[in-house]
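Everything below concerns the one structure shown next.
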There are 2 protein chains.
Amino acid sequence: MSGVRAQQKEKTRRLLIDAALSQLSAERSFSNLSLREVAKEAGLAPTSFYRHFTDMDELGLTLVDEAGLTLRQLMRQARQRIAKGGSVIQISVETFMELIESNGNVFRLLLRERSGTSAAFRAAVIREIRFFTMELCDYLQQANALDAEVAYMQANAAVTIVFSAGSDALDIDDKDERELLSKQTIQQLRFIARGAAELSDRRKAAKKSQK
Amino acid sequence: MSGVRAQQKEKTRRLLIDAALSQLSAERSFSNLSLREVAKEAGLAPTSFYRHFTDMDELGLTLVDEAGLTLRQLMRQARQRIAKGGSVIQISVETFMELIESNGNVFRLLLRERSGTSAAFRAAVIREIRFFTMELCDYLQQANALDAEVAYMQANAAVTIVFSAGSDALDIDDKDERELLSKQTIQQLRFIARGAAELSDRRKAAKKSQK
DNA sequence: TAATACAGTGTACGCGTGTACGCTTAATTG
DNA sequence: CAATTAAGCGTACACGCGTACACTGTATTA
């Protein structure tokens, strides 16, 4: 039941996925990648593509799924590092920046398709980012004992800032400049954390005095 | 010297620009707009396009320029409203959201080309956004007497948050939901403002005690 | 072992693309 | 008024695209 055939099929499917992923770059987005190019890179005849995906769109959604997976791995890695002690914000930003350096194209895929022309893609990307945001939200709420709504707004703002910084980092070659960007990003996240903590406190005080 | 001919040429040039602009939408980005389509929409033969632009890229850069102009108009309008009194942050966000509702496609152009595949486009968009950020930075520095570096980080974070909210707003039809988004954005900007003010104060205190 | 299912191939088609080239026609120039 | 300039047009070309269709060879099934 393992199936030599099914195994082979899965293998070529991966070949297609990897081919698409490997063709992404600063000057090449998924949406201007053609079915023929991907098939060729994978070493297949164009028409063989259809044995695995009905559409380039279907392949694209698979790619977005994989990118979401990468995002979750990032989260896990950051958590592990944080457990060993140190500034939460600093470790998170540094971990994120490492991801961007090693997986630039995956990250680019998310950034581009988030504002792309396919509603399905946009929805898929937004879903992944929301998931990421929610996980951060839970963490903030627990770790800092924040008001739920405040925690959400902080998580949301933080993710926005970090993703934007990541996008900028993709266009920076100079190492010192990247470091500067990281430092600024960390500072910006601290702004947000400070403002959020304060609002949360004020809300708690208001609730108490009402009782 | 006014030139009936030159005037006519300028008119058709605008026809092309407007044609391109009018074809932009949620499901149509500039980069998947063809020269022929634009020419057709403008009521011209495909080859006539070349009398005005060497390239679709050249047209695109012109569009980005126009978008930058729109951004500057926005700034001016917000300033006027602020002068009449009210919460600076609230008025700014509301003004921005109005722009997005009336000029969604112009805004989409900026968002998309910022992470697009053409280095020239990316540079042009980043330039416009930086200009916008710097103007806000000057304002913050003056109005709130902030440390220069802190003002920059605040301006940068604020623009990031507002643009991201704008991007989200483009996908929201429901009016109540938009209002909620606006409120959250305002709150997030206040987080940042609070954090920035505090850091600026701390820096000033440090400088004084050194003297 | 014979029949079947199916991954992968090769050919062929119509379509939309960018653009080279020569033409027309009217404003500009001398 | 004659010569020139230049905006806009029409034709024509090669190209890459998605995909329909009929095929081959091999793992799976009965």
I'm trying to understand the selection: among the residues of segment B:100-117, which are small (Gly, Ala, Ser) and crowded, with 18+ Cβ neighbours inside 10 Å?
B:115, B:116
Grab the helices (runs of 4 or more DSSP H) fully contained in segment A:48-128, keeping just those with 3 or more residues being under 28 Å from residue A:173 (Cα atoms) and within 13 Å of another protein chain (Cβ to nearest Cβ).
A:104-114
On the given criteria, is residue B:136 more than 16 Å from DNA strand C (Cβ to nearest atom), open to solvent by less than 70 Å² (accessible area, probe 1.4 Å) and of a type in the set (A, V, I, L, M)?
yes
Among the numbered conditions (1) surrounded by 17 or more Cβ atoms within 10 Å (Cβ to Cβ); (2) assigned to a helix (DSSP H, G or I), tell me where residue A:13 comes up short.
(1)
Selection from segment B:44-59 of residues more than 9 Å from DNA strand C (Cβ to nearest atom) and either at pLDDT below 95 or more than 15 Å from residue B:19 (Cβ to Cβ) (or both) yields B:57
Quick one: in segment B:26-65, which of the residues that are under 15 Å from residue B:125 (Cβ atoms) and surrounded by fewer than 16 Cβ atoms within 10 Å (Cβ to Cβ) is nearest to the chain's Cα centre (by Cα)?
B:65
Output the number of the condition that residue A:11 fails; it satisfies all remaining conditions of (1) farther than 20 Å from residue A:125 by Cβ; (2) within 20 Å of the chain's Cα centre (by Cα).
(2)
Check whether at least one residue in segment A:147-158 is surrounded by fewer than 18 Cβ atoms within 10 Å (Cβ to Cβ) and assigned to a helix (DSSP H, G or I), and report yes or no.
yes
Which ones in segment B:187-211 are more than 10 Å from every other protein chain (Cβ to nearest Cβ) and not basic (Lys, Arg)?
B:200, B:201, B:205, B:206, B:209, B:210
Near pairs, Cβ below 6 angstrom, 6+ apart or cross-chain, from segment B:51-64 (under 12 Å from residue B:30 (Cα atoms)) to any residue that is within 16 Å of DNA strand D (Cβ to nearest atom) and not hydroxyl-bearing (Ser, Thr, Tyr)
B:56/B:35; B:59/B:20; B:59/B:53
Flag if residue A:18 is more than 9 Å from DNA strand D (Cβ to nearest atom) and either out of contact with any helix residue (DSSP H, G or I) (no Cβ under 7 Å at 6 or more places or on another chain) or closer than 25 Å to residue A:167 by Cβ (or both):
yes
Pairs under 7 Å by beta carbon, first residue touching a residue at least 40 places away in the same chain (Cβ under 8 Å) and not assigned by TED's automatic domain parsing to the domain that holds residue B:205 in segment B:147-174, partner among the small types (Gly, Ala, Ser) and open to solvent by 20 Å² or more (accessible area, probe 1.4 Å), six or more apart or different chains?
none
In the list A:182, A:209, which residue meets the criterion of being part of a helix (DSSP H, G or I) and open to solvent by 60 Å² or more (accessible area, probe 1.4 Å)?
A:209
Scanning for something more than 14 Å from chain A (Cβ to nearest Cβ), more than 12 Å from DNA strand C (Cβ to nearest atom) and more than 30 Å from residue B:178 (Cα to Cα), does segment B:19-33 turn up at least one residue?
no
Filter segment B:76-85 for residues that are surrounded by fewer than 17 Cβ atoms within 10 Å (Cβ to Cβ) and either at pLDDT 95 or above or acidic (Asp, Glu) (or both) and give the result.
B:76, B:77, B:79, B:80, B:81, B:83, B:84
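The values are calculated or read from the model by the stated rules, or taken from the named source; none is laboratory data. Model, not experiment: these values are computed from the prediction. For neighbour counting, all protein chains shown are included, and Cβ atoms are generated from backbone atoms with ideal geometry for every residue, glycine included. Protein only, heavy atoms only, side chains kept; ligands, DNA and RNA dropped before computing areas. Shrake-Rupley method; radii C 1.70, N 1.55, O 1.52, S 1.80 Å.
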